[in-house]
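Chemist: Handing you this structure, nothing more for now.
The values are calculated or read from the model by the stated rules, or taken from the named source; none is laboratory data. Source: prediction; values computed, not measured. Methodologically, a virtual Cβ is constructed for each residue, glycine included, from the backbone with ideal geometry; neighbour enumeration extends over all protein chains shown. Remember, those area values only see protein heavy atoms, side chains included, never the ligands or the DNA or RNA. Shrake-Rupley method; radii C 1.70, N 1.55, O 1.52, S 1.80 Å.
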Amino acid sequence: MASPRLETFCCPNRDASTEFVINFQPVFFSAICIGSAGVSLVFSILQILPKRRGYRRLGQYPLPKPASSSRILFIISVCDILGCAGILVRSSIWLGLPDLPVSEFTSQVWIQLFFSASFWWTFCYAVDVYLVVKRSAGLSTIVLYHMITWGLAVLLCVEGVAMLYYPSISSCENGLQHAIPHYITTYAPLLLVLTVNPVLFARTVSAVTSLLKGRQGIYTENERRLGTEIKIRFFKIMLVFFICWLPNIINESLLFYLEMQADIKASHLKNVRNATLITWFIMGILNPMQGFLNTLAFHGWTGFHVDLSFQQPRELAWDSASTSVAAAGGYNPIVGSTLHYQSHIQEAKKTMAANGQQPSDAISVLSE
């Protein structure tokens with residue numbers, strides 16, 4: 001799991017509420033984390049590996065110049081995989097070598113760094129798809145996204161850990177004051193995605209709908225279906241994010257409430273303690289699973305038929321897309337290409353259906 005509470009593991013004077021959750025069934029909790037992280041790691045890697053031609057999803061039929069959105073989805077998956085690997089290593093250390101505080105500290109910083117980067121990349125994805133539809137983004141923006149995501153992730157991670165372990169790991173300060181900056185730097189990108197991404201996705205769907213309607217002045221069944229698939233794709237991405245990380249916010253709120261009590265073992269706090277432990281174990285299961293669930297939201301189930309030949313996928317014969325959309329008042333390089341080549345998309349869907357596979361939603365083409 002990914003919790004800033006675990007980074008206080010090396011502090012000899014950590015608060016009572018953190019001591020309470022960390023010392024409750026530590027072996028069983030570590031085993032749960034290892035199981036969840038192991039499953040997520042294996043299936044996440046399986047999902048992003050190239051598949052055989054008959055099982056290629058629709059999004060793997062590339063446009064001439066893929067937009068940055070498809071690259072961002074891949075980077076998010078890589079960050080999730082690396083964060084999940086950190087959880088697997090840290091939990092294994094808990095079980096096998098609990099007396100290695102340096103390894104404990106290193107693995108937890110690793111986890112925070114890559115999950116924080118995953119949050120920032122998820123935010124950048126929402127920004128990018130909106131700007132692409134508004135014709136304000138392109139391949140060049142990927143460099144800016146790299147600077148923003150990795151810069152902020154490293155900066156906030158270093159600042160938070162430095163404040164937490166001031167003046168040294170062996171003599172951490174007592175009280176909430178020194179820990180608050182660490183929690184803020186951890187949860188700031190998480191709360192940003194939870195609050196801002198739904199707004200950006202909603203505005204993107206609205207903009208796409210306007211483009212689809214304005215193409216020929218009518219809103220056909222195919223265009224309505226495309227708009228619906230785009231909306232479903234965004235909904236699945238946010239649903240996965242809420243499921244995996246909302247327990248963290250609930251658990252952190254409960255722990256702060258317990259920390260403000262004079263005696264966390266008081267009888268009237270029994271329900272709060274039980275809720276805290278329940279959400280703590282839920283976090284241990286769902287946090288590592290984000291990698292696998294994200295790949296399902298991005299691509300759907302891609303199957304077991306891995307293609308390790310590393311051959312380039314078959315290119316489609318793309319024509320010039322400057323007629324119908326341009327006549328409607330401006331050509332959008334992403335939406336315009338998607339709409340203009342519905343025949344190629346339908347052909348790809350028929351080919352995949354003949355192989356017994358369900359076609360992926362058209363948002364993968366739109367994202368690219």
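Chemist: Quick one: would you say F201 is open to solvent by less than 30 Å² (accessible area, probe 1.4 Å) and modelled with pLDDT of 90 or more? Steps first, answer last, please.
Modeler: Numbers: open to solvent by less than 30 Å² (accessible area, probe 1.4 Å): yes; modelled with pLDDT of 90 or more: yes.
So F201 fits the description; yes.
Chemist: I've got another one for you. Looking only at region 72-85, how many residues end up being surrounded by 23 or more Cβ atoms within 10 Å (Cβ to Cβ), among the small types (G, A, S) and closer than 17 Å to F29 by Cα?
Modeler: 0
Chemist: Could you tell me how many of the residues in region 297-308 are out of contact with any Pro (no Cβ under 8 Å at 6 or more places or on another chain) and surrounded by fewer than 18 Cβ atoms within 10 Å (Cβ to Cβ)?
Modeler: So the count comes out to 4.
Chemist: Among the residues of region 275-296, which ones are surrounded by fewer than 19 Cβ atoms within 10 Å (Cβ to Cβ) and more than 18 Å from I249 (Cβ to Cβ)?
Modeler: The answer is L296, and nothing else.
Yes or no, residue by residue, for (1) open to solvent by less than 10 Å² (accessible area, probe 1.4 Å); (2) among the aliphatic types (A, V, I, L, M); (3) under 16 Å from F201 (Cβ atoms):
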residue: N222; (1), (2), (3): no, no, no
residue: F242; (1), (2), (3): no, no, yes
residue: I249; (1), (2), (3): no, yes, no
residue: A262; (1), (2), (3): no, yes, no
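Chemist: Next question, about the same structure. Being modelled with pLDDT under 80, open to solvent by 50 Å² or more (accessible area, probe 1.4 Å) and touching a helix residue (DSSP H, G or I) at 6+ places or on another chain (Cβ under 9 Å), is that true of even one residue in region 179-198?
Modeler: Checked against the condition, which is being modelled with pLDDT under 80, open to solvent by 50 Å² or more (accessible area, probe 1.4 Å) and touching a helix residue (DSSP H, G or I) at 6+ places or on another chain (Cβ under 9 Å), region 179-198 yields at least one hit.
Chemist: I'd like the residue in region 10-37 that is aromatic (F, W, Y) and crowded, with 17+ Cβ neighbours inside 10 Å and, out of all such residues, is modelled with the lowest pLDDT. Talk me through it step by step, then tell me what you get.
Modeler: Going residue by residue through region 10-37, those that are aromatic (F, W, Y) are 20, 24, 28-29.
Add one more test, that the residue is crowded, with 17+ Cβ neighbours inside 10 Å, and what stays is 20, 29.
Working: F20: 83, F29: 89.
Here the residue is F20.
Chemist: What's the total number of residues in region 38-71 that are in contact with a strand residue (DSSP E or B) (Cβ under 8 Å, 6 or more places away or on another chain), modelled with pLDDT under 80 and assigned to a loop (DSSP other than H, G, I, E, B)?
Modeler: 2
Chemist: List the pairs whose first member sits in region 259-286 and is assigned to a helix (DSSP H, G or I), whose second member is of a type in the set (D, E, K, R) and open to solvent by less than 100 Å² (accessible area, probe 1.4 Å), and whose Cβ atoms are under 7 Å apart, counting only residues at least 6 apart or on separate chains?
Modeler: Final answer for the pair search is E259/D15.
Chemist: Turning to a different aspect of this structure: Among the candidates V133, V127, which residue alone is within 24 Å of F234 (Cβ to Cβ) and at pLDDT below 85?
Modeler: On the way: V127 fails: at pLDDT below 85.
Among V133, V127, only V133 is within 24 Å of F234 (Cβ to Cβ) and at pLDDT below 85.
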